[in-house]
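Here the structure comes first, spelled out in structure tokens, and everything after it is commentary.
Laboratory data are not the source of any read-out in this text; all were calculated from the coordinates shown. As the structure is a prediction and not an experimental result, all values here were calculated from the model. No Cβ is skipped: glycine too gets one built from the backbone with ideal geometry, and neighbour counts run over all protein chains shown.
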Amino acid sequence: ALGGAVVRNRIRRRIREILRRNRTEIPSGWDIVIHPRRSVAQAPFAPLEAELVRLLRSIAPKDQALAN
């Protein structure tokens, strides 16, 4: 478990904001499941965003990455 409701909601808000800011990195029509660790709640936002964007780019099809 990730923790209490406050911790889970903080993690959810942080990930949702990162995905909102970087929605062009998500291939059209894809559903992505993210299983965060508890440390996400305390991690600095900028490195967390950089890591998630790096992961999104690594799963994007090559033609999708060239189109953006």
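Assorted remarks:
- The relative contact order of segment 5-67 comes to 47 percent, based on Cα pairs under 8 Å that sit 6 or more residues apart.
- In the chain, the calculated helix contribution to ellipticity at 222 nm averages -17500 deg cm²/dmol per residue, counting -39,500 (n - 2.57) for every DSSP H run with n ≥ 4.
- Angle between the chain longest axis and helix 5-21 axis [Cα atoms, degrees, rounded to 10]: 20
- Listed values for segment 35-50 are Karplus-derived 3J(HN,Hα) couplings in whole Hz (6.51 cos²θ - 1.76 cosθ + 1.60, θ = phi - 60°), namely 10, x, 9, 4, 5, 4, 5, 9, 5, x, 5, 4, x, 5, 5, 4, and x replaces Gly and Pro.
- Computed from point charges on the beta carbon alone (+1 for Lys and Arg, -1 for Asp and Glu), the dipole magnitude for the chain about its Cα centre is near 340 Debye.
- Neighbourhood net charge (14 Å Cβ-Cβ; Lys/Arg +1, Asp/Glu -1) for LEU55: 0
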